[in-house]
Amino acid sequence: MLDNFIMGGNADDLKDGDSFMERHIIDSTGFIELITFLEQSFGIRIEDEEMIPENLDSLNSIEQFISHKLKAVATAANK
Amino acid sequence: MLLHQFFEASVERHPEKVALICEGRRHTYGEINYLATRLAGALQHLGVERGDRVAVFMDNALEAVVAIYAALKAGAAIMPINALTKRDKLTYILNDARPACLLTHQALADVWREALAHNKSVRACLIAGESSTPAVSGSRRLSLADALALGGHHEKPLTIDQDLAGIIYTSGSTGDPKGVMLTHLNMVTAATSVSTYLGLKPDDVILCVLPLAFDYGLYQVLMGFKTGATVVLEKSFAFPVKVLETMVGERVTVFPGVPTIFSLLMNIKTLPDYDLSALRMITNTAAALSEQHILSLRELFPWATLFSMYGLTECKRVTYLPPEQLDVRPTSVGKGMPNEEVWLVDEHGNRLPNGSTGELVIRGSHVMRGYWEKPRETAERLKPGPHSGEMVLYSGDIFRTDEEGYLYFVARKDDIIKTRGEKVSPREVENVLYSLEGVLEAAVVGVPDPVLGQAIKAFVTMQPGYRYSERDVIKYCLSRLENFMAPKYVVVVDALPKTDTGKIKKTGLR
């Protein structure tokens, strides 16, 4: 999934918990593109206050964040 | 006056005052001075001498700030290098300027390990974020913590203001980056002029989200410490909401940015929820703000003063628009700053009257010494001035003046692209494209982009039998170029337009 956003070069041995920022895998404008990509791929809306490293700065945090968002969407749909 | 003496004077005045806030930690003037002096002693112990270069390949962090002042205190010139730099380019820069020492982060090891393998000049590589390095005889590597332990004795070097304080690399139209040589006098002059017209005050809290490898970022620290203010250093603007929280919490008064940062900021719908009432000044340079941006910024922060400015690494800053002129001539970048003279010339070097269009020429003590070991490129920029024996800087930028002499940017003389406030040489990108197997021809141009200013677009033709997707080509570029230099768009075409002499013709490529 993240193949589209890996900024090349330094990503050879990226681990699931590695910070994109620290490893310089994604930079400022890259995150904007990543957010757009996640919104389109999963049909979710990411709010301004959700655009934080805790949600987006590693493969693990993205996985958790997206599954949390999808659950919220499913719960809302079941109501 | 030497560049670091401003800082040392502030240390004398208030050692207990907070100088730097970084990753939530507060560091006083006294603490930073202690660390910098100790590291300077360590650099000397490791053989760094007056006139040497010290490369700082780091993210925005306490260690980077300490490294900068340590290098200056050891009599060396600092070479700040963007942490986004990839292996080949770092190798080029290290072999070009031949620094005696490299200061870097463990997280960047993939890049510097490779570069060091092809470099002979670096005698010591000091690594932040590595707890301790086992002593291997003959190894050049040392953790920053271990290095600090060596710094018990610091000897003040005999530096004078004609010595180099910095070498900052900038994109050159030939494709090879050029090292801009700046003396202590150059940098002291620029820092003094800029902080004077901005009116920086000791109680200011200055936000720095720009990389310290970019002179606009570096000078936030240099000028903040000169004024005795507090600098809030952020790694980047990747998570604007986080930065906003910090701005609120620290009651930031000065916000330096580039148009891309202000675009990201204005896209945040919850922006009015953040209490930014302490903000008294917003500064913009690197690329011009659009009239729409200026309007929106003033609507969002009516209590803050907005400075539109223009500069180039070769002399740091050239002009600023006095804020009261913003309503009269919003698209102007103003006039020359204090202790500097600027004018426009025609293609023969003749001075032009107000109301003309021509190349901007700059005269002042802030004008660089030249490009490191590049006499030909230096001669294109530094030319004899009106007074005998004096050199002035030809900016390569075309401006027009209005009747009162205010300046308006028109275009670059060469084809350098300005994206996200950074200068990008199309040749440098094309060189990388040509290194991709199967690429026959490449042409790189800048296309208008609402967020980036200009986006980089590449046109390539392929040898028969090769096929790449747009993303393949972009990824290849990203592995070799700083992220902002990689094309945003790649179009594979059957043929590129040519001139009569067979050269690729870029006019019309969009």
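The distance linking the range B:92-134 with the range B:139-172 is 13 Å (Cα centroid to Cα centroid, whole angstrom). Dividing the convex hull volume of the alpha-carbon atoms in the range B:168-285 by its residue count gives 112 Å³ per residue. Rg of the Cα atoms in chain B, relative to 2.2 N^0.38 Å, amounts to 0.97.
The listed peptides B:198-209, B:179-190, B:363-374, B:498-509, ordered by packing as a protection proxy, come out as B:179-190, B:363-374, B:198-209, B:498-509 (highest mean of other Cβ atoms within 10 Å first).
Classified by the C-alpha gyration tensor, the range B:29-107 has an oblate form. Its axis ratio a/c, with a ≥ b ≥ c, is 1.5 or above, and a/b does not exceed b/c. Which whole-number percent gives the relative contact order of the range B:256-326, counting Cα pairs below 8 Å spaced six or more residues apart? Across the range B:256-326, relative contact order equals 30 percent. With a 10 Å cut-off around each Cβ of A:17-24, the average count of Cβ atoms from other chains is 4. For the peptide B:80-86, the mean number of other protein chain Cβ atoms found within 10 angstrom of a residue's Cβ is 2.
Kirkwood analysis of the protein assembly as shown, using all unique Cα-Cα pairs, places the hydrodynamic radius at 25.1 Å. Per residue of B:237-249, other chain Cβ atoms within 10 Å of the residue Cβ number 4 on average. Quick one: Cα centre-to-centre distance for the range B:225-301 and the range A:27-79, in angstrom? Answer, in whole Å: 25. The range B:38-67 and the range B:451-497 have their alpha-carbon centroids 37 Å apart. Start at zero, step by 10 Å, and the Cα-Cα distances of the range B:294-391 spread as 13, 37, 30, 15, 5 percent across the bins.
Counting only lysines at least 8 places from B:LYS201 when in the same chain, those with an alpha carbon closer than 26 Å to its own are B:LYS17, B:LYS73, B:LYS226, B:LYS235, B:LYS242, B:LYS316, B:LYS335.
Quick note on the range B:455-508: its Rg to Rh ratio, both from C-alpha atoms and Rh being the Kirkwood radius, is 1.01.
In this structure, B:GLU470 and B:ALA149 have a Cβ-Cβ separation that, at R0 = 41 Å, corresponds to a calculated FRET efficiency of about 0.20. Residue separation of B:ALA495 and B:GLU341 scaled by 0.36 nm, minus their Cα-Cα distance, works out to 50.7 nm of gained length. In terms of its C-alpha gyration tensor, the range B:149-232 comes out oblate, because a/c is 1.5 or above while a/b does not outweigh b/c. Across chain B, the mean sequence separation of Cα contacts (distance under 8 Å, 6 or more residues apart), normalised by length, yields a relative contact order of 12 percent.
The packing ranking of peptides A:27-36, B:223-232, highest mean first, is B:223-232, A:27-36, where packing means the average number of other beta carbon atoms within 10 angstrom of each residue.
Once you sort the root eigenvalues of the Cα gyration tensor of the range B:219-293 as a ≥ b ≥ c, which label holds: rounded (a/c under 1.5), prolate (a/b larger than b/c) or oblate (the other case)? Oblate.
The mean sequence separation of alpha-carbon pairs under 8 Å and at least six residues apart, normalised by the residue count of the range B:375-467, gives a relative contact order of 17 percent.
Every number here is computed from the coordinates shown, using simple stated rules; none is lab data. All values reported here derive from a predicted model rather than from experimental measurement. Note: ideal-geometry Cβ built from the backbone for every residue, glycine included; neighbour counts use all protein chains shown.
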